[in-house]
1. Around residue 129, with a cut-off of 15 angstrom between Cβ atoms, what is the net charge of the other residues, counting Lys and Arg +1 and Asp and Glu -1?
2. So, counting K/R as plus one and D/E as minus one, what does the shell of residues with Cβ under 12 Å around residue 74 add up to?
3. Report, by chain and number, residues whose modeled amide H sits under 5 Å from the one on residue 73, excluding near sequence neighbours (fewer than 5 apart, same chain).
4. Just subtract the alpha-carbon distance of residue 109 and residue 58 from 0.36 nm times their residue separation and send over the number in nm, one decimal.
5. In the chain, with Lys and Arg counted as +1 and Asp and Glu as -1 at Cβ, which of these residues, 79, 37, 51, has the Cα nearest the positive end of the dipole, that is, farthest along it?
6. Could you estimate the translational diffusion coefficient of the chain from the Stokes-Einstein equation, with Rh from the Kirkwood formula over C-alpha pairs, at 10 °C and 1.306 mPa s, in whole µm²/s?
7. Could you work out [θ]222 nm for the chain from helices alone, using -39500 (n - 2.57) per DSSP H run of at least four and dividing by all its residues? Round to the nearest 500 deg cm²/dmol.
8. Any idea of residue 113's accessible area? Nearest 10 Å², probe 1.4 Å.
Amino acid sequence: MLLPDHLKRNANELAAIKAIAESGDDPPVLMVNINTYTAEAGYPDGDLHHQYITGLEKLLKRVGATILWRLPVLGQPVGEQQQTDEILGVWYPSHKAFLDLPKTAGADENYRLRRLCVQEAVIHRCDGNANMNGAVGSNEEPCSV
C-alpha cells in the first residue's frame, strides 16, 4: 500500500471509482485535496514540500492530469476540522487516470515523499466537467456564511 496507514481509504468510494473507470463512460474528475503537512515538510517553502509537489506535478502529467490550483488555508470561519494547510484542485482526464497514478513510473518516490510530508489528507471527488469559472449557475446567488 502506497499510502500511510493513517490516511484511510474509503473502500465504498474506491469501488465506485473502479466501476466508473471500467464502465466505458469514464468522465473527467476533479479531486479536491485538503492537506495538513508535517513540520518536517516545511510547508510552504521547505525543501521536502517542494520535492513532493514538484514530483507530484511530474507524476500527474504522466497520466494526463494537472494541478489546477493550490491554495494556502488562511483560517476556518465556520465548522470544526483539524488544522488544514493547503487545498489542491487536481483534474484527471478520467477516473482510470486517478487509479493509474500509483502504478506510474516515479510513483514510489512520490508516495515516499507524501508519507514524509502529508500528516493528514482528505480527498473529495468532484465533477471534472464543471465550469470552474462559475460553478454556481448564473441565476443563483453565491452562498453566504
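1. So the surrounding residues net to -2.
2. Counting the neighbours of residue 74, the net charge comes to -2.
3. Those lying under 5 Å, H to H, from residue 73 are 86, 87.
4. 17.2 nm
5. 51
6. For these conditions, the coefficient is 96 µm²/s.
7. Computed ellipticity for the chain at 222 nm equals -9000 deg cm²/dmol.
8. In the full protein context, residue 113 sits at about 10 Å².
The values are calculated or read from the model by the stated rules, or taken from the named source; none is laboratory data. Predicted model, so just to flag it, every value in this text is computed and none were measured. Note that each Cβ is placed from the backbone with ideal geometry, even for glycine, and that neighbours are counted across all protein chains shown. For accessibility, only protein heavy atoms count, side chains too; no ligands or nucleic acids. Shrake-Rupley method; radii C 1.70, N 1.55, O 1.52, S 1.80 Å.
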